[in-house]
């Protein structure tokens with residue numbers, strides 16, 4: 001047996017990689033104590049790429065297929081390696097297998113709330129989260145820019161950086177889009193496409209691509225959600241007086257004794273009301289008044305209660321008297337955003353007729369000095 005036959009039996013003939021970890025992006029073929037023989041077989045499977053690094057320089061990138069490591073299919077290696085001894089000598093190079101499949105169901109989310117200006121609610125703080133997928137688009141660039149000499153590079157090592165890129169671009173896109181909070185749920189798909197398009201160039205510098213980006217939810221602070229729930233409830237109730245009458249009727253049906261007592265009181269009150277109407281319809285001598293029954297006075301005006309937005313939070317409700325004291329103390333200014341049930345969105349205090357007078361009341365002139 002010749003020396004070359006001995007070397008052929010000692011060195012590795014087949015180079016390949018199978019991965020079952022689901023999170024490994026790059027794996028280096030371990031060659032400690034071994035060398036790659038000229039003519040060895042390299043197997044690159046679908047969803048992989050093999051990168052040869054020789055003496056610190058990136059030599060070749062192999063796409064899926066079966067290769068014989070010879071000079072005719074390794075032109076770059078031929079210029080880097082002196083093939084002597086009849087092209088039978090082994091050579092030592094580093095081989096990195098790169099996983100080019102998609103890494104799916106990766107999570108992203110805003111660590112801190114994003115402050116936006118909504119046309120209806122004013123300044124609001126938003127949080128968002130979702131999923132994305134990532135893949136290696138350029139194996140050579142990814143190896144040079146990110147992996148370096150890491151022998152086993154996983155998705156966890158770069159996911160934090162990608163999440164930061166997504167959150168930063170999502171904040172900018174959301175602030176520039178100008179979409180009202182109430183309409184964001186219907187535009188999550190478009191927002192996701194805008195964010196993915198904006199970060200494509202930055203990921204391309206790493207040799208990566210993001211095929212998919214999903215926004216699962218955009219949420220408001222709990223205080224704002226409570227106000228929105230109350231506002232929705234008011235819209236469902238409709239006429240407040242009719243709703244109160246309905247509630248009273250339901251209470252009568254649930255409590256028999258209380259219902260009987262209430263019915264007795266209603267009967268007595270109804271009798272008194274009929275007697276008063278009959279008396280008002282007659283004159284002092286028993287004749288009917290020409291003008292008919294007396295007019296019923298209108299109900300007293302309803303006093304509004306006010307909510308004040310300050311530093312992205314809602315305070316209140318406050319009565320008008322309390323708002324007057326706040327205006328006197330300087331806690332309420334003309335530019336303060338206020339809202340009351342029935343008002344269409346937040347408005348500056350000076351633009352509300354009922355509150356504007358709080359800032360225009362001036363004290364009377366001082367009395368003249370004594371003579």
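The values are calculated or read from the model by the stated rules, or taken from the named source; none is laboratory data. As the structure is a computational prediction, the values presented were derived from the model and not from experiment. Glycine also receives a Cβ, built like all others from the backbone with ideal geometry; neighbour counts cover every protein chain displayed.
Worth pointing out:
- Index of the failed condition, residue 152 passing every other in (1) within 13 Å of residue 206 (Cβ to Cβ); (2) surrounded by fewer than 19 Cβ atoms within 10 Å (Cβ to Cβ): (1)
- Any hit, region 161-184, residues being surrounded by fewer than 19 Cβ atoms within 10 Å (Cβ to Cβ), over 12 Å from the mean Cα position of the chain (by Cα), in contact (Cβ under 8 Å) with a residue 12 or more places away in the chain and farther than 18 Å from residue 114 by Cα: no
- Considering the conditions (1) free of Cβ contacts under 8 Å to residues at least 40 places away in the same chain; (2) closer than 17 Å to residue 226 by Cβ, residue 341 is excluded by exactly one of them, (1).
- Output for region 38-67, where each listed residue is under 11 Å from residue 139 (Cα atoms) and not in a strand (DSSP E or B): 63
- Answer residue from region 47-70, given it is surrounded by fewer than 15 Cβ atoms within 10 Å (Cβ to Cβ) and under 17 Å from residue 14 (Cα atoms) and is modelled with the lowest pLDDT among those: 70
- Each residue in region 131-148 was checked for being more than 13 Å from residue 162 (Cβ to Cβ) and either touching a residue at least 40 places away in the same chain (Cβ under 8 Å) or assigned to a strand (DSSP E or B) (or both), and 9 pass.
- Filtering 150, 183 for residues that are more than 30 Å from residue 21 (Cα to Cα) and either at pLDDT 90 or above or out of contact with any helix residue (DSSP H, G or I) (no Cβ under 7 Å at 6 or more places or on another chain) (or both) leaves a single hit, 183.
- In region 169-227, the residues that are outside any helix (DSSP H, G or I) and more than 25 Å from residue 98 (Cα to Cα): 178, 179, 180, 214, 215, 216, 217, 218, 219, 220, 221
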